[in-house]
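The values are calculated or read from the model by the stated rules, or taken from the named source; none is laboratory data. Values in this document were obtained by computation on a predicted structure and should not be read as measured data. Don't worry about glycine lacking a Cβ; one is built from the backbone with ideal geometry, like all the others, and counts go over all protein chains shown.
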Amino acid sequence: MQADIDRILIPSGQIAARVKQLAHDITQTYADSEQGLMIVCVLSGSIVFVADLIRHLPIKTKIGSIAVSSYKGKTTRSLGPALIGRLEADVAGRNVLLVDDIIDTGQTLRLAQNELAAQGPASLRTCVLLRKPHRAPRDVRVDFVGFDVEDVFVVGYGLDYDGDYRNLPDVAVLKPHVYD
Ligand code: XMP
């Protein structure tokens with residue numbers, strides 16, 4: 001796996017520190033909420049991020065999921081997002097925090113936010129680890145952002161290429177030969 005890495009964009013230590021800060025900000029935001037929090041993670045890219053984030057949240061937290069597919073097989077070009085299966089979370093009347101790995105064109109989050117909003121949550125906020133700021137549209141609101149990144153295809157810390165590299169602890173860029 002290491003032989004396929006061209007460069008590390010965000011090392012694991014930097015991710016860990018930022019995830020702690022994000023958890024602190026999220027905790028402050030929901031400090032007055034007696035019912036706690038419902039986290040809805042976008043599968044599968046956000047699983048590593050969510051696993052780390054929730055262990056720094058000292059508030060009552062339930063976890064649900066929504067599955068969205070944008071990429072199939074060996075491609076770095078989104079085919080446009082589609083919901084897979086149903087929303088695995090009862091979000092009506094809950095304080096919902098939608099969590100994804102990255103906002104690129106924003107299509108995935110727009111779809112997930114609309115799906116959740118239709119279920120009547122008490123509140124709906126969104127958290128992403130990474131944002132490509134030059135591409136993310138202004139109409140898709142994101143409340144918590146870990147890092148802004150340049151417009152390159154990234155892998156690691158949950159993000160994949162053709163299903164691989166999710167277990168890489170850093171966020172990295174692959175060597176061009178991997179895409180051949
Ligand atoms: P959109 O364009 O809908 O993209 O905002 C969000 C989803 O697309 C995937 N994505 C990436 N996956 N490296 C990845 O491994 C990337 O650079 C990348 N950009 C977008 C990701 O699944 C995200 O949920």
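Anything in region 96-112 that is more than 6 Å from the ligand (Cβ to nearest atom) and farther than 19 Å from R86 by Cβ? List them, or say none. Of everything in region 96-112, just one residue is more than 6 Å from the ligand (Cβ to nearest atom) and farther than 19 Å from R86 by Cβ, namely L97. Counting only helices (runs of 4 or more DSSP H) wholly contained in region 10-129, the ones carrying 1 or more residues that are surrounded by 15 or more Cβ atoms within 10 Å (Cβ to Cβ), of a type in the set (K, R) and touching a Leu at 6+ places or on another chain (Cβ under 9 Å) occupy 12-29. Filtering R135, R141 for residues that are on the phi < 0 side of the Ramachandran plot, modelled with pLDDT of 95 or more, surrounded by fewer than 17 Cβ atoms within 10 Å (Cβ to Cβ) and not in a helix (DSSP H, G or I) leaves a single hit, R141.
In region 1-45, the residue that is nearest to G93 (Cα to Cα) out of those that are in contact with a strand residue (DSSP E or B) (Cβ under 9 Å, 6 or more places away or on another chain) and among the acidic types (D, E) is D25.
Scanning region 145-168 for residues being assigned to a loop (DSSP other than H, G, I, E, B), more than 9 Å from the ligand (Cβ to nearest atom) and farther than 23 Å from D25 by Cβ gives a total of 5.
Restricting the first member to region 92-115 and to residues that are at positive phi, and the second to residues that are within 14 Å of the ligand (Cβ to nearest atom) and assigned to a loop (DSSP other than H, G, I, E, B), the beta-carbon pairs closer than 6 Å and six or more apart or on different chains are G106/A136; G106/P137; G106/V140. Count of region 162-180 residues, restricted to those that are at pLDDT below 95 and within 30 Å of N114 (Cβ to Cβ), is 2.
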